[in-house]
Amino acid sequence: MLIPGLRGLIPDDHILVRIDEAISTSWIRREVEGLYSETMGRPSIDPESALRLMIAGFIYGIKHDRKLIWEAEVNMAIRWFCGFAIDEKIPDHSSLTRIRQRWGVEVFSRIFKRVVMMCADAGLLSYETVHVDSTLIRADVSWESIIKVHTEEVIELNGEEAGEDDNEGGTGKTELKSRTDPDASLTRANRMEKYAPCYKQHTAVDDKSGVIVDVDVTTGKVNEGTQLIAQVERVIENTGVVPSVVTADSAYGTSENYRILEAMGIEPVIAAPPERRQGGSIPIRRFKYDEKHHVVRCPGGKTIYCTEKNRQGWLFKSRIRDCASCSLKSRCVPKSSGRRRILIVYGYTALLRGRRKKYKDEMKYIYGRHRSCIEGRNGEAKEQHGLRRAARRGLKQVMIQAYLTAVVMNLKRLGAFVFAVFELLRRIQKALKALKTKFETIGWQTVKIRIVFAES
């Protein structure tokens, strides 16, 4: 489908040339053939050309269809990459919108998984360490749409007088949403920033070459810690291999995540959240939990037994008479109670092991790579490929944008690898030709004599 006449006008090291040498996209026709009719309607755009057009747009950081078509009209590299002749008319921008709607999220998910396997076949995956993190994507909505919805909800709940009240963070009885994009939710990356309507992208990156092995998008309010296990399961599905190590920041450091990852045979290298303390009392780490006998031993040497079980874990309560005679009572037992209560969350022992790992040199090195690998990919997606703000509205459309961004970022690495291999082969071929010319000049017999003399 490529146009041979245009190829000579494009440099060999152009990014689209590298990607074309690295992959074949003819398989997309089989992926979407069930979505088209051979007897009804007008002839459609070639699915391969449509996919390549979208890939080229994200390569250049062009996320809006109208601007992409304008660029393709005058850019010879895009025309050649997508199979359009120099005088051929580029499809209308609305065609890409209909194609995305026709294909749906599932097709783009399969495209992403196929590219991941291409990277795996090229040897770009380590199958050892996977870094996981999330980042916010600003929704494509205006503040006016959120204010109107908020005002109407407050007036409905509290009467006309409450219409001027503004609850920026969406706490309390009302929840702030956008009328134009209800899937987006108000959130913020940290306490220093203001709330904004966002989606949240969850990304998993292989340590070796920075290949993205999984990507998912949720509303901004979803806690990333609750998504870790599902993401690791998708990584296993996408690559076919269970990673040895998973790294993440403290937002993922729940006892359940530690416990489940260990049960899966994966070593969690996760920054444990700070230990909670009850005022100035003796911290929980001073209480030794005996997992085998399911008891807790306090710093005073007394045994504390489990009294009840709740959604978070097991609750241990000391006996009042033991605390009454203990010399540590003033530092341990709250003044409002005559006993100490200890909550041992599910997976507590796995959490303790995770906290100890941060002191090991090997774990420090692995976690040290976490920021450069995962945060570097998030920054690249936002700065170079337009993922800082959603191009379209709705969770499915943002998901498609995330998939295409990840596909392009992986293709860049695959293309660079293939280009490096081809360049090495070209240099070897050039050296062999030069060596052959030299042999022909001095004669093969002389070369044989020199070799025999050197061996003797």
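Values computed for the structure shown
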read-out	value
Out of ALA391, ALA402, ALA381, ALA350, sole residue that is more than 26 Å from ASN257 (Cβ to Cβ) and of a type in the set (Gly, Ala, Ser)	ALA391
Contacts under 6 angstrom Cβ, first residue in the stretch 178-189 being in the same structural domain as GLN397 (by TED's automatic domain parsing), partner assigned to a loop (DSSP other than H, G, I, E, B) and aliphatic (A, V, I, L, M), 6 or more apart	SER178/VAL141; SER178/ALA184; THR180/VAL141; ASP181/ALA139; ASP181/VAL141; ALA184/ALA139; LEU186/LEU176
Meets criteria (farther than 15 Å from VAL215 by Cβ, assigned to a helix (DSSP H, G or I) and outside the structural domain of VAL17 (by TED's automatic domain parsing)) for ARG331	yes
For ILE146: the one exception among (1) closer than 20 Å to LEU16 by Cβ; (2) surrounded by 14 or more Cβ atoms within 10 Å (Cβ to Cβ); (3) β-branched (Val, Ile, Thr)	(1)
Test: residue in the stretch 381-392 that is in a helix (DSSP H, G or I) and surrounded by fewer than 16 Cβ atoms within 10 Å (Cβ to Cβ)	yes
Selection within the stretch 370-395 - of a type in the set (Lys, Arg) and either touching a strand residue (DSSP E or B) at 6+ places or on another chain (Cβ under 9 Å) or free of Cβ contacts under 8 Å to residues at least 12 places away in the same chain (or both)	ARG371, ARG377, LYS382, ARG388, ARG389
Every residue from the stretch 181-218 that is among the hydroxyl-bearing types (Ser, Thr, Tyr) and surrounded by fewer than 18 Cβ atoms within 10 Å (Cβ to Cβ)	TYR195
Flag for LYS292 being in contact with a strand residue (DSSP E or B) (Cβ under 9 Å, 6 or more places away or on another chain), of a type in the set (Lys, Arg) and without any contact (Cβ under 8 Å) to a residue 60 or more places away in the chain	no
Residues of the stretch 234-287 satisfying the condition of being small (Gly, Ala, Ser), assigned to a helix (DSSP H, G or I) and at pLDDT 90 or above	ALA263
ALA402 being in contact with a strand residue (DSSP E or B) (Cβ under 7 Å, 6 or more places away or on another chain), in a helix (DSSP H, G or I) and surrounded by 10 or more Cβ atoms within 10 Å (Cβ to Cβ)	yes
Looking only at the stretch 55-112, and only at residues there that are basic (Lys, Arg) and part of a helix (DSSP H, G or I), the one that is farthest from the chain's Cα centre (by Cα)	ARG79
Matching residues, the stretch 36-54, being small (Gly, Ala, Ser) and part of a helix (DSSP H, G or I)	SER49, ALA50
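The values are calculated or read from the model by the stated rules, or taken from the named source; none is laboratory data. Predicted model, so just to flag it, every value in this text is computed and none were measured. No Cβ is skipped: glycine too gets one built from the backbone with ideal geometry, and neighbour counts run over all protein chains shown.
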